[in-house]
Amino acid sequence: MAAAIAWLRRGACGPARRCGLAAARSYSGGGAYPSVSLACPLPGVPKAVFAAAESRERFETRVTVLENGLRVASQNKFGQFCTVGILVNSGSRHEAKYLSGISHFLEKLAFSSTAQFGSKDEILLTLEKHGGICDCQASRDTIMYAVSADARGLDTVVNLLADVTLQPRLSDEEIEMTRMAIRFELEDLNMRPDPEPLLTEMIHAAAFRDNTVGLNRFCPVENTDKIDRDVLHSYLSSYYTPDRMVLAGVGIEHEHLVECARKYLLGVQPVWGSGRGRAVDRSMAQYTGGIVKVEKDMSDVSLGPTPIPELTHIMIGLESCSFLEDDFIPFAVLNMMMGGGGSFSAGGPGKGMFTRLYLNVLNRHHWMYNATSYHHSYEDTGLLCIHASADPKQVREMVEIITREFILMAGAVGEVELERAKTQLKSMLMMNLESRPVIFEDVGRQVLATNTRKLPHELCALISQVKPNDIKRVVTKMLHKKPAVAALGDLTDLPSYEHIQAALSSKDGRLPRLYRLFR
């Protein structure tokens, strides 16, 4: 190193000139110093070692299947903390042979007392020693028990997850507390200003009437007193079996996770016994279409100094496709291209202000309070829908605007808007996968459904391949189905279901004209 410094202070000479050295310049004190090209190696300086990406195997999701059928999946992500959990192929769609609301009960009862832990507080104190938190979420097709904690406490975490999943006590006191919590949640659901959870339930009930994903995700009030330990054990014995489970982890070594799984989840006798319950419901979703209406006074939903005005909410949906099909990616791009949101939103292109529902609906019709596109996708079906809100007196006009947007989906797709939608979808995908719990859920759900996982760069490549013809093709196929309609609020001026269906079958999306003798 000393030789190199001396060489620099002497100025450029010999071979250095061939490396493009410029004429010497002066220090502020008057001494000369050279301009040195960094294209040439410096004498006496060790050769630089550049960082390089490690082999891709370090970043791929690894899956091991244990002898009892349990799948163990892990994704390496460096850091002090890990997220580990058990995902079960069980949800409200599997409750056709049981009382509706069991999954809702199991979600609320999660991380309560078990064979090893006397109470929820004991579980939380155990996790606290490893800086951990826990959560349980139940959806229509999956129940997910998850813990985020220090990676050094993996053994304790997997032991706890196994106990919570297979050895819950389900005491009378805990079940009674759960009943109270569910009743409160149902009351809150009907009183909250944001009607989206209620509308999502209604549109699924309309689209898949009385089957699979159309079954109620929330426990009906009349069932809260009927669900007890025996009912829960009967359900658990059918669906909480190793072959329907995935132990997923992010931020840990795969071999260590498999070792813990063998220790705590292999050969364990669940609290409900080893006997199989009723046959597992393997019904495929049957799309029916239809309408679900709830007349409701929305004038006093949000009172106060700045009350929300009385609104009527409409959601119109059509069957899309399963997330296992090739058309899933074009539908995801279409949903991003439609976008939308509320009438008040701050931000620019990244916030979706250039999506169709902003440009064609919210920017042109000031009286529209909301226009948002949603895409729900499951293992055997999907639903693309648009939610709109407006004053009750303008319901008919609002419905016609939404049906026109559905028809326009099958028209010309601009290259700029398509590229923007694809870029935004890839951006959201990559930004969401920066979060460790999101990676965990992605790993768990994909392995549960397909026994493998598509990596982000593979998904981005598929998104980039979507062409305008793909959008037109999936929309044309979608428009041949009967619509599903959910309506909430003052529905005096709501068009009939037949008129909405006729509008979606027409060339321009317009509702049939009404002729009245008296106005």
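The values are calculated or read from the model by the stated rules, or taken from the named source; none is laboratory data. Small disclaimer: the values here were computed from a predicted structure and weren't measured. Here Cβ is always computed from backbone atoms with ideal geometry, including for glycine, and neighbour counts include all displayed protein chains. These accessible areas exclude ligands, DNA and RNA; they are computed on the full protein's heavy atoms, side chains included. Shrake-Rupley method; radii C 1.70, N 1.55, O 1.52, S 1.80 Å.
Listed values, structure above:
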{"read-out": "Scope segment 465-485; condition assigned to a helix (DSSP H, G or I) and surrounded by 15 or more Cβ atoms within 10 Å (Cβ to Cβ); matching residues", "value": "D470, I471, K472, V474, V475, K477, M478"}
{"read-out": "Out of F323, F328, F354, sole residue that is open to solvent by 50 Å² or more (accessible area, probe 1.4 Å), of a type in the set (F, W, Y) and within 17 Å of V475 (Cβ to Cβ)", "value": "F328"}
{"read-out": "Restricting segment 397-448 to residues that are of a type in the set (S, T, N, Q) and under 18 Å from the mean Cα position of the chain (by Cα), the residue that is farthest from T355 (Cα to Cα)", "value": "Q446"}
{"read-out": "Matching option when the condition is open to solvent by less than 50 Å² (accessible area, probe 1.4 Å), out of contact with any Leu (no Cβ under 9 Å at 6 or more places or on another chain) and either at positive phi or of a type in the set (A, V, I, L, M, F, W, C) (or both), among L384, L418, L359", "value": "L418"}
{"read-out": "Members of segment 284-319 found to be farther than 23 Å from A503 by Cα and among the β-branched types (V, I, T), listed by number", "value": "V301, T306, I308"}
{"read-out": "Test: residue in segment 456-464 that is closer than 16 Å to F323 by Cβ and among the β-branched types (V, I, T)", "value": "yes"}
{"read-out": "Residue in segment 153-163 that is open to solvent by 30 Å² or more (accessible area, probe 1.4 Å), within 17 Å of G251 (Cα to Cα) and in contact with a His (Cβ under 9 Å, 6 or more places away or on another chain) present", "value": "yes"}
{"read-out": "Residue tally, condition under 23 Å from L87 (Cα atoms), among the aliphatic types (A, V, I, L, M) and surrounded by fewer than 18 Cβ atoms within 10 Å (Cβ to Cβ), over segment 200-239", "value": "1"}
{"read-out": "For L429: the one exception among (1) exposed (fewer than 15 other Cβ atoms within 10 Å of the Cβ); (2) free of Cβ contacts under 8 Å to residues at least 60 places away in the same chain", "value": "(1)"}
{"read-out": "Inter-residue pairs, beta-carbon under 7 Å, first touching a residue at least 12 places away in the same chain (Cβ under 8 Å) and in segment 214-234, second in a helix (DSSP H, G or I) and of a type in the set (V, I, T), 6+ apart", "value": "C219/I182; T224/I182; I227/I102; D228/I175; R229/I175; V231/I102; L232/I102"}
{"read-out": "Residues satisfying the stated conditions in segment 444-459, i.e. closer than 18 Å to I329 by Cα and either part of a helix (DSSP H, G or I) or open to solvent by 60 Å² or more (accessible area, probe 1.4 Å) (or both)", "value": "R445, Q446, A449, T450, T452, K454, P456, H457, E458, L459"}
{"read-out": "Any hit, segment 50-66, residues being in contact (Cβ under 8 Å) with a residue 12 or more places away in the chain and among the small types (G, A, S)", "value": "no"}
{"read-out": "Exclusive hit being in a helix (DSSP H, G or I) and touching a His at 6+ places or on another chain (Cβ under 9 Å), set I439, I407, I401", "value": "I401"}
{"read-out": "Search result, residues across segment 70-110 that are basic (K, R) and either within 23 Å of P168 (Cα to Cα) or open to solvent by less than 30 Å² (accessible area, probe 1.4 Å) (or both)", "value": "R71, R93, K97, K108"}
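Results for (1) among the polar types (S, T, N, Q); (2) more than 25 Å from A115 (Cα to Cα), shown as yes or no for each residue.
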site	(1), (2)
T212	yes, yes
Y235	no, no
M245	no, no
C260	no, no
R282	no, yes
S299	yes, yes
M315	no, yes
